[in-house]
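Just so it is clear, none of the values below were taken in a lab; they were calculated from the coordinates. As the structure is a prediction and not an experimental result, all values here were calculated from the model. Cβ: placed from backbone, ideal geometry, glycine included. Neighbour counts: every protein chain shown.
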Amino acid sequence: MNIWQPDPNEILLARSPVSFATGAAPRVKGMRWFRNSERIDIQPELAGWPEGPSFTARSVGGSATQKVLRGAAKATGVAVMALLSSAGGNVSGSSVATTDDGSDTPDDPADEVDDFPVLWASPGTIARTLPWQLDPGRIDQKHNCTHLIVTDRRLVVVLLPYYKYDLEYVDDEMIWQCPRADVSSVVPRNFKDGNDFTIKFVDGSWCRLNSFRRQKLMHYMAPPREMIPYSSLSPQQKETVSVFTEEVQMPDSVHPTVTLNPTGRLHVEVLLPSRLTSAFGATEESITMDTEGRRVDIDDYLPGDF
C-alpha cells in the first residue's frame, strides 16, 4: 500500500472523498457540464480527458410535469401516512435521509436550476488542470475513488482503488495539486442535499465539488483557520491537549493541530492513521477548549465552534 504523506514540516489537515457535483433540480437532475466563461461546453478541449457522457437539459415543460407528478406522489404518500396513523399503525420510522445543511432554495438559479456547470474555466486557468477522475461520468466508481487532501500548503487530489469488502486498503496515486495561495474562496452550496461546495481560484476559474464530509474539508479552507503553534499554548492548555491525545491513543508520528475558532476558542484535532479508509478518508478526533484551557462541552458550542 502507498499512503500519501505531506512533506516534512507540512501539516495534514483533512482528507475526504470528493467528486464533481451532480445537478438536482428537475431540469438538470443527474447532469453536469464543463463550461468556459462564455458558458460554452469545453469538454472536447480538456486535454487528456477520455470521452464522457453528453447531457441536454430537459425542457421547462418536462421539468414542470415532473414536478407536478412528484407533488402528486408526495401528497398521496402524506395521505397514506395519515390514514395509517389514524388507524393506529406504527409510522415512526422513515427511510428518507435528511440533512441540516440542505435547502430547497437555490443559491444561484442560473447555475443550479437552468444549468449546472461543475467546471468554469477559460483557457489557461487553474480549474482546467483538474483531473478527469473527479467526474462520476468517467471513472468506475465501483472500483475507484478520489480523495481531496487539505494541508497548510496545498490542495491535493489522490486516486485510489475502492474495495467494498476491504475499505482499509489504501493505495494512493497523486493526480493533482495546487498551492493554497491559488484558492481565493470556498463557498458551501446547500441546494438540495447540502454536500456541494465551490472552490474559486485566484484567476476567476472555479469548480463545484461534492463530499458527504464537506464540513471537515471546509473547516480549513473557508476561510483558512489561524494555526496556533503548540509552543504558544499556556501550561493549562498544553495539559488539556496532552490528556486528550492520551485518550485517543495518538501515535508518536502524529501531532495535534490547534486552530483558532471565530468564537476565540481553540479547536484541537488529531487525524488517526489507523482509521484511514477509502470510503471515509481520514477520521479525526477533536475537542474544543476555552482560553483558560478548559474543555467545552458540545452542548455549549457556539455556531463558530462547529
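Pairing the Cα long axis of helix 235-247 with the longest principal axis of the chain, what angle in degrees results, from 0 to 90 and rounded to the nearest 10?
60
So if we plug the beta-carbon distance of Tyr230 and Arg275 into 1/(1 + (r/R0)^6) with R0 = 35 Å, what FRET efficiency do we get, rounded to 0.05? Let's see the in-between values first.
Details: r = 22 Å, r/R0 = 0.64.
Once the sixth-power term is evaluated, E becomes 0.95.
For the range 217-229, in order, what is each residue's ³J(HN,Hα) by Karplus, 6.51 cos²θ - 1.76 cosθ + 1.60 with θ = phi - 60°, in whole Hz (x at glycine and Pro)?
Rounded to whole hertz, the list is 5, 6, 3, 9, 10, 10, x, x, 6, 5, 7, 9, x.
Based on DSSP loop calls and a cut-off of at most 11 other Cβ atoms within 10 Å, the longest stretch of the chain free of exposed trypsin sites (Lys or Arg not before Pro) is what?
Working: sites that count: Lys142, Lys164.
After excluding every exposed loop site, the longest remaining stretch is 165-306.
Determine, from the Cβ-Cβ distance of Glu246 and Met1 and an R0 of 22 Å, the FRET efficiency 1/(1 + (r/R0)^6), rounded to the nearest 0.05.
0.20
In a Debye calculation with equal point scatterers on the alpha-carbon sites of the chain and no solvent, what is log10 I(q)/I(0) at q = 0.07, 0.09 Å⁻¹?
Computed log10 I(q)/I(0) values: -0.34, -0.56.
Please arrange Ser211, Ser54, Ser231 by counting, for each residue, the other beta carbons lying within 10 Å of its beta carbon, fewest first.
Neighbour counts put them in this order, fewest first: Ser231, Ser54, Ser211.
How large, in Å, is the range 226-305 by the Kirkwood hydrodynamic radius built from its alpha-carbon pairs?
After inverting the mean inverse Cα-Cα distance, the result is 13.2 Å.
Using 1/(1 + (r/R0)^6) with R0 = 45 angstrom and r between the beta carbons of Arg294 and Glu168, what's the FRET efficiency to the nearest 0.05?
Working: r = 36 Å, r/R0 = 0.80.
Once the sixth-power term is evaluated, E becomes 0.80.
What ranking do Asp252, Asp152, Asp297 get, fewest neighbouring Cβ atoms within 10 angstrom at the top?
Details: Asp252 5, Asp152 16, Asp297 9.
Ordered by Cβ neighbours within 10 Å, fewest first: Asp252, Asp297, Asp152.
Using the count of nearby Cβ atoms within 10 Å as a rough guide to exposure, how do Tyr162, Tyr301 rank from fewest to most? Write down the numbers at each step before the final one.
Values: Tyr162 20, Tyr301 14.
Ranking Tyr162, Tyr301 by Cβ neighbours within 10 Å, fewest first, gives Tyr301, Tyr162.
Treating the range 181-231 as a set of equal point scatterers at the Cα positions, no solvent, please give the Debye-formula log₁₀ I(q)/I(0) at q = 0.18 Å⁻¹.
Each listed q corresponds, in turn, to -0.60.
Given 0.36 nm per residue, what is the gain on full extension from Ser185 to Ser253 after removing their alpha carbon distance, in nm?
21.3 nm
Considering only DSSP states other than H, G, I, E and B, which GluC sites (Glu not before Pro) in the range 105-211 qualify as loop sites with at most 16 other Cβ atoms within 10 Å?
Details: sites: Glu112, Glu168, Glu173; in loops: Glu168.
Answer by residue number: Glu168.
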